[in-house]
Amino acid sequence: MSSGQGLFAAQNMMYRHTITIYNEKGTRLAKIKDGVNLKDYDFDEYEDHNYLGGPVEAAFTSDGKYLWVSNYSMVGPGFENEGCDGCMGKSYDPSFLYKINCSNFEIEAVVKVGAVPKFIAISDDDSKLLVSNWTSNDVSVVDLQTEKEVKKVDVGAHPRGMDITKDGKTAFVTIMGSTKLAQIDLETYEVNYITQIGRSPRHLILTDNDSSLLVSMNSGSKVVKYNRFTQEKTTCKTPSGPRSMTLSENEDYLYVVNYFDHSFSKIRTHDMQLIETIATAEKPIGICGNWEESEIWVACYSGKIEVFKDFHLDSLKNGNSIFGIDLSTFWKPRDRKLNSADSVEVGDTSGLEVNPDTLMVNDEPLIKLSSITPKSSIDESASKNADRFKNRRIPESSENCRFFVISGAFSVPENASKQAAELDEKGYQCEIIQGAKLTYVAPLCSDNREDAEAQVKLLKAAEGFSAWILKR
């Protein structure tokens, strides 16, 4: 989950019993343990004991000062009938939300809610918090002034994703054990349903000034855009298990993780067209954006947070540049000493391959970036003519090259040198280009764009690299 103001939170459930907080560079700022003594928060019905939770989902307040976290269940004396994903009913133990102060990363309040709370939504004015209680089949409404649960609203089995309209009057909830959405009037708590939305709706985002709902169908392998006023539905077919989603800043693109396919997809929202699907580590489960840097952060059950760069978004924001920087001032010959990359505490970095219309895919372990171009987008005839450009190397002096074919961009300069050496062994003469944040490898160049565009396809066919063109 992103605060939108430079903080990122990962909820590590029963696997680590922690919440980890990172800054936008990927440096871990805090590891917050989920243990609390409930007596310290005026819950005297419980023993003087350090109770463990199981952080699932989170939401930041609009000012980014507080992070609210749901705990799957509590472990300790007095909790003897724990809920589960396959459980349903009111007889299971309640659980708790934690309020974390983002200035010192300490838990400063807890709120008792239903059984197996999952998704959290906070109203735009920060007056209400809603959490879907998976096992008890209801939604807890929390008053954020008093920090108390004021209402439980029964919605059916099993509530999961939620969003609240900008005016704070209506909430929509996916009922994952069905084909419907619940619509809750937050003034009267009356519940109505949108039926036949699709199988196992999981996550939901309001868009188009709250007129449309974007809904992922976990069992239906699709994302549906539903107009709540006209009832019109537009469907985008996705790989298996679409779950959590995030919407770009201007709402033009939707990013959704495909849990069973080990990938995530980028969807154009106005016509619900699938733009690209990118491989991830095993079982991607959470996703958010760092829109200032045009990045997509993906949390995977394999124990990784992967960071992806969407160069298309970046070009829309910054024009003919990358990261808002004119790269023509950063050309450096290969034998020049490279600057060290910024260190990243959360993981090693390696192989970033770039394509202007696709995302940067991060592979291992945290900020190893690489892009994937669909096979269908490669000219099938390219492989037959792959040798045609074998003699079109970058000359000893590349001053006459106007269009460089980039085979990779790396956070760690040494990894750029490694890829360049591998390509040079195959007969290329690579140029290394040092940017402000990334180091680029260019095995080919040309004085005209048409030739360079052909080289992009042929490099893919000959070496398996995605590539893009960088103009000097």
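None of the figures in this text is laboratory data; all of them are computed from the coordinates on show. Just so it is clear, the structure is predicted and the values come from calculations on it, not from any experiment. For neighbour counting, all protein chains shown are included, and Cβ atoms are generated from backbone atoms with ideal geometry for every residue, glycine included.
See the values below:
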| item | result |
| --- | --- |
| Isotropic mean projected area of the C-alpha convex hull, the range 156-258 (nm²) | 6.0 nm² |
| The range 29-98: GluC sites (Glu not before Pro) falling in loop per DSSP and having at most 10 other Cβ within 10 Å | Glu45, Glu80 |
| Rg/Rg_globular for the range 426-469, with Rg_globular taken as 2.2 N^0.38 Å and Rg from C-alpha atoms | 1.18 |
| Within the range 118-190, chymotrypsin sites (Phe, Trp or Tyr not before Pro) in DSSP loop having at most 15 other beta-carbon neighbours inside 10 Å | Tyr189 |
| Rg ratio (alpha-carbon, reference 2.2 N^0.38 Å) - the range 102-150 | 1.18 |
| Descending semi-axes in Å of the range 1-83, equivalent ellipsoid built from Cα gyration tensor | 27, 13, 11 |
| Out-of-range pairs (alpha-carbon distance over 18 Å; input Lys225/Lys266; Lys283/Lys309; Lys65/Lys112; Lys33/Lys151; Lys99/Lys304; Lys31/Lys118) | Lys283/Lys309; Lys65/Lys112; Lys33/Lys151; Lys99/Lys304; Lys31/Lys118 |
| The range 56-194 pair-distance distribution - Cα-Cα, 10 Å bins, rounded % | 13, 46, 33, 9, 0 |
